[in-house]
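The values are calculated or read from the model by the stated rules, or taken from the named source; none is laboratory data. What you see is a predicted model; the values in this text were computed from it and never measured. Glycine gets a Cβ as well: all are built from the backbone with ideal geometry, and neighbour counts include every protein chain shown. The accessibility values were calculated without ligands, DNA or RNA, using every heavy atom of the protein model including side chains. Shrake-Rupley method; radii C 1.70, N 1.55, O 1.52, S 1.80 Å.
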Amino acid sequence: GTVGSTDLGSAAFLELARYVKKVRVTEGQIVNGEPTATISGTIDTAGLVEGLAKLQGLSELAGGAAPDMSELTKYLGDTRAAIAISERTHLIRGAVVNLTVDAEGRQIDLQLVYRLRDVNKPVRFPSGA
């Protein structure tokens, strides 16, 4: 890929894909009346972060050598994710991502939840008081 873009090429994709430990795809489910496919999997988060840091293209985009991520990665557990994709529109309808971080005898469980409610409608933000 070219350094000036975020396209790092298929070799980079294959490098990062090796950190995916398990993947399960379930098709043909009906969720809220919508035919849905669910993709769930586990990612070796520490390995992925180190792999990202070693990619030459990302190092050049950052303007320097690849950072040493070994201190950070020793605290990272696996990432577990489940993504629901509409089989009709191919849009992500919902996702749940979980990551555990262990540091100095303490554990932090991070969870990201995403849910698509509407498409192509204006977003209304609450006005300030």
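Residue by residue, here is whether (1) at pLDDT below 85; (2) among the small types (G, A, S) holds:
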site: G63; (1), (2): yes, yes
site: P67; (1), (2): yes, no
site: S86; (1), (2): no, yes
site: L91; (1), (2): no, no
site: G94; (1), (2): no, yes
site: Q111; (1), (2): no, no
site: K121; (1), (2): yes, no
With the structure loaded, tell me whether Y75 is of a type in the set (S, T, Y), open to solvent by 80 Å² or more (accessible area, probe 1.4 Å) and at pLDDT 75 or above or whether it fails that test. no
Checked the range 89-106 for anything surrounded by 10 or more Cβ atoms within 10 Å (Cβ to Cβ), under 27 Å from V23 (Cβ atoms) and not acidic (D, E); matches are T89, L91, I92, R93, G94, A95, V96, V97, N98, L99, T100, V101
Within the range 112-127, residues surrounded by 10 or more Cβ atoms within 10 Å (Cβ to Cβ) and either farther than 20 Å from L76 by Cβ or not hydrophobic (A, V, I, L, M, F, W, C) (or both) come out as Y114, R115, L116
Inside the range 18-57, the number of residues satisfying the requirement of being at pLDDT below 90 and either open to solvent by less than 40 Å² (accessible area, probe 1.4 Å) or in contact with a Leu (Cβ under 8 Å, 6 or more places away or on another chain) (or both) is 12
